[in-house]
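Read through the structure below, which is laid out as structure tokens, and then see the notes.
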Amino acid sequence: METAIREFRDRKIFLTSEIEGGNAYDFQKFPGGVYSFTPKRDPGEEYSSQAYYFKFSIENLQKDPTDVTITAIANFDEIWKGWQSSIHPTIWIYSPNHQKQPIRLSSDRVRATPRSMSINLTLRSYETLIISNMLTLSYTKLVNEVENVANEYPTFLKLTEIGRSPLENPIYSIKVNPKIDSSNLFKILIGGTSQPNEFGDYASLLVLQQFLKKGAEFWDDFSTKFSIEFIFFQNPDGMIQGTNMVNSKGENLFFSWDNDRNSSLKENTAIWDYIIIEPPNFYLEMHSFFQDHKTIRPYTFPIELLSEKRDQRLYTKLSKNLIKFSNGMKEEIHIDQPYFKDTLCYQLMEKHQTLCMQYKLHSRNSISHTTQTVWKVFSEILKTLKRR
């Protein structure tokens, strides 16, 4: 049975997972300034051996700078199979004392093997850091950013609460240029994943922010052919509790869009009921890896789900262009493929003929590189859609 020790304190260091998104546990101290934790396997990740995400806070309780080593330790068969393909994971540092974007810990500070990983830190006087192997912003911070961007453009953006989680946390939509008649426009929907330890919501926000920076001339040209909307926070409880697949009720949202179970899942029902009022023509869902051997790439869905030949041809062009951009790699989902046939993308494509793709980004890349990448992905899609 799991020993859920989520805090440790001595006279020098305070370690805790009692933070938003925190999920490490079993903190311990060893001689020589070494501390340890156990990465917690997500209860909804049985299908995957890559399910080890962690986030915790460390505080220097002294006025003097201190060096400390935090080592992830666990039974090999239970945990470290998930690290075998991630010998050099990227570690992200967040500074809650200052409103700064997360930065990557330099590689010389991380020592990892298939069976262990040590993170070497230097903490300034009374400094607090949040350590994670995912590029994720907290739900609270992202909600603030989404609300702020909507407030900056009160007539150009429409922020709508489309549902709530079991813990009553809001799920949002932002519609761009809501006053235009979009009935004859090609409707684009961009969303983050219900896997909150992947930075899909943040990637979606980056697309929106870059879109807004393009200015009126770009918007006017765009609006002659397209409308665009964003959905944020498909699993807000998971973001807060530090899970990657399940919500606060232990329900696996990502793989639960089939007809039989959809009605029982509060978040999925709210999102589905909202989307199908005016189904999109194209849906892009943002995801990310943290394993270093992976590269950015699209997940494409079965072309046979589309009944119209012209839609099949357009989907094929979209796939080819994104695969080229992604160094020729792709993940191809097949008809009735287990798990993925019950995703939002598959169901929208099958039931509403929406062209759907998931796109996998990567936590190893910097914020600036990721910003450039998400806009490049969107631009490649837009370029293809304009030629349809």
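The values are calculated or read from the model by the stated rules, or taken from the named source; none is laboratory data. No experiment lies behind these values; they were computed from the predicted model shown. Virtual Cβ from ideal backbone geometry, glycine too; neighbours counted across all protein chains shown.
If the condition is being in a strand (DSSP E or B) and among the β-branched types (Val, Ile, Thr), then segment 172-181 contributes ILE174, VAL176. Across segment 157-188, the number of residues qualifying as free of Cβ contacts under 8 Å to residues at least 60 places away in the same chain and of a type in the set (A, V, I, L, M, F, W, C) comes to 6. Among all positions in segment 256-276, there is at least one residue which is in the same structural domain as PRO338 (by TED's automatic domain parsing), within 25 Å of SER138 (Cβ to Cβ), outside any loop (DSSP other than H, G, I, E, B) and out of contact with any Gly (no Cβ under 8 Å at 6 or more places or on another chain). Of all residues in segment 213-233, those being basic (Lys, Arg) and either assigned to a loop (DSSP other than H, G, I, E, B) or closer than 23 Å to ILE276 by Cα (or both) number 2. Checked against (1) under 30 Å from TYR52 (Cα atoms); (2) without any contact (Cβ under 8 Å) to a residue 24 or more places away in the chain, SER256 passes all but a single condition, namely (2).
From the list ASN133, ASN151, the one residue that fits, being at negative phi and at pLDDT 95 or above, is ASN151. Do we have SER288 as touching a Lys or Arg at 6+ places or on another chain (Cβ under 8 Å), at pLDDT below 95, assigned by TED's automatic domain parsing to the domain that holds PRO166 and of a type in the set (S, T, N, Q) here? Answer is yes for this residue.
Based on this model, can you work out whether ALA51 counts as modelled with pLDDT under 85, assigned by TED's automatic domain parsing to the domain that holds SER118 and under 22 Å from ARG364 (Cβ atoms)? Yes; evaluated as a whole, the condition is true for this residue.
Checking each residue in segment 160-169 for being surrounded by fewer than 19 Cβ atoms within 10 Å (Cβ to Cβ) and either modelled with pLDDT under 95 or not acidic (Asp, Glu) (or both) picks out THR160, ILE162, ARG164, PRO166, LEU167. One residue stands out in segment 193-242 among those that are of a type in the set (Asp, Glu) and over 18 Å from THR136 (Cα atoms): the one that is nearest to the chain's Cα centre (by Cα), namely GLU229. Taking the listed residues THR140, THR122, THR113, the one that is surrounded by fewer than 21 Cβ atoms within 10 Å (Cβ to Cβ), without any contact (Cβ under 8 Å) to a residue 40 or more places away in the chain and either over 29 Å from SER223 (Cβ atoms) or in the same structural domain as PHE232 (by TED's automatic domain parsing) (or both) is THR113, with no other qualifying. Please indicate, with yes or no, whether at least one residue in segment 4-15 is in contact (Cβ under 8 Å) with a residue 60 or more places away in the chain, touching a Lys or Arg at 6+ places or on another chain (Cβ under 7 Å) and in a loop (DSSP other than H, G, I, E, B). Among the residues of segment 4-15, not one is in contact (Cβ under 8 Å) with a residue 60 or more places away in the chain, touching a Lys or Arg at 6+ places or on another chain (Cβ under 7 Å) and in a loop (DSSP other than H, G, I, E, B), which makes the answer no. Against the definition (touching a residue at least 60 places away in the same chain (Cβ under 8 Å) and hydroxyl-bearing (Ser, Thr, Tyr)), how does TYR339 come out, yes or no? Yes: the conditions hold for TYR339. Scanning segment 234-250 for residues that are free of Cβ contacts under 8 Å to residues at least 60 places away in the same chain and in a loop (DSSP other than H, G, I, E, B) yields nothing. In this structure, ILE381 does not qualify as in contact (Cβ under 8 Å) with a residue 24 or more places away in the chain, aliphatic (A, V, I, L, M) and surrounded by fewer than 21 Cβ atoms within 10 Å (Cβ to Cβ).
Tell me, which residue of segment 18-34 that is in contact with an Asp or Glu (Cβ under 9 Å, 6 or more places away or on another chain) and of a type outside the set (Phe, Trp, Tyr) is modelled with the lowest pLDDT? Only one residue tops the list, namely GLY33.
Only residues that are surrounded by 18 or more Cβ atoms within 10 Å (Cβ to Cβ), at pLDDT below 95 and part of a loop (DSSP other than H, G, I, E, B) were counted across segment 319-375, and they come to 3. Looking at GLY192, is it of a type in the set (Gly, Ala, Ser), surrounded by 23 or more Cβ atoms within 10 Å (Cβ to Cβ), in contact (Cβ under 8 Å) with a residue 12 or more places away in the chain and assigned by TED's automatic domain parsing to the domain that holds ILE276? The answer is yes for GLY192.
Within segment 124-171, how many residues are assigned to a strand (DSSP E or B), farther than 29 Å from LEU15 by Cα and of a type in the set (A, V, I, L, M, F, W, C)? Within segment 124-171, residues that are assigned to a strand (DSSP E or B), farther than 29 Å from LEU15 by Cα and of a type in the set (A, V, I, L, M, F, W, C) number 4.
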